[in-house]
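Below is one structure, written out as structure tokens; the observations come after it.
The values are calculated or read from the model by the stated rules, or taken from the named source; none is laboratory data. What you see is a predicted model, and the numbers here were worked out from it, not measured in a lab. So basically every Cβ, Gly included, is an ideal-geometry build from the backbone, and we count neighbours across all protein chains shown. Note: accessible area is taken over every heavy atom of the protein model, side chains too, but ligands, DNA and RNA are not part of it. Shrake-Rupley method; radii C 1.70, N 1.55, O 1.52, S 1.80 Å.
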Amino acid sequence: MVLSDEPFAAPVIGTETVFEGRVWNIRRDEVDYNGETIVREYMDHTGAVAILALDDDDRMLLIKQYRHPVRARDWEIPAGLLDIDGEAALASAQRELAEEADLVADRWDVLAEFYTTPGGSDEAIRIYLARGLRPAPQAFDRTAEEADIEVRWAPLDEVVDAVLDRRLQNPSLVVGAMTAFASRARGWSTLAAADSEWARRSRPVGG
């Protein structure tokens, strides 16, 4: 039997939004599970995309920005919410790479997908591998946490070493770097087409 997560949706008896935020909400569901009613509260999330941009020298593009909940300026890879109605995930990734890194890419592939916190959020993230990089036609103005973004190009092997040494802990960076390291060793045979179906994509907030 192939090792794989099992899609399963327990019947929802009742649901309500208990907190409505600027970007995402907190939802409370009553669920019938094995004949028992259980209540679960979780973040009702838009979902997101992230981009591992890799240059011809196998260097990853990293950005450092402030993340208030963890009180840290952490190294990340470019990423953004799927919060524009009707926008395809690939188009979102292309837009985010241009907006956060002033780059466009000639080649796009699906590298990885994951749930950030399955016990407390329905957020799903798809990570794209972007190669054939070149400057975007125009630079973007950045505000708030993005105003003082620090950019660094680091060899993939160096990033993997930093992850294993627990010096880098952003989940998209960790998943992306480790998956890229393993996929490269297999001749990139694990990559999927950039427009592949994404069955586990987050539902729209409130959906």
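Overview of values
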read-out	value
MRE, 222 nm, helices only [DSSP H, n ≥ 4, -39500 (n - 2.57), over the chain, to nearest 500]	-5500 deg cm²/dmol
Accessible area of the chain belonging to carbon and sulfur atoms, whole % at 1.4 Å probe	50
Answer label, with Cα extents along the principal axes in Å calculated from the coordinates and candidates (i) 55, 40, 29; (ii) 56, 45, 32; (iii) 56, 46, 36	(iii)
Under 5 Å, built H, 5+ apart or other chain: amide partners of R73	R67
From the C-alpha gyration tensor of segment 1-69, square roots of 5λ in Å	36, 22, 8
T116 long-range amide H proximity, modeled H, under 5 Å	E123, I125
Local electrostatic count at P11 - Lys and Arg +1, Asp and Glu -1, tallied over other residues with Cβ under 15 Å	-3
Segment 86-207: C-alpha gyration tensor shape, a/c 1.5 cut-off, then a/b vs b/c	rounded
Surface per residue (accessible, 1.4 Å probe) for segment 65-170, Å²	55
At least 18 Å along the helix axis (C-alpha) and Kyte average at least -0.5, DSSP helices within the chain	171-185
Within segment 147-199, trypsin sites (Lys or Arg not before Pro) in DSSP loop having at most 12 other beta-carbon neighbours inside 10 Å	R166, R167, R186
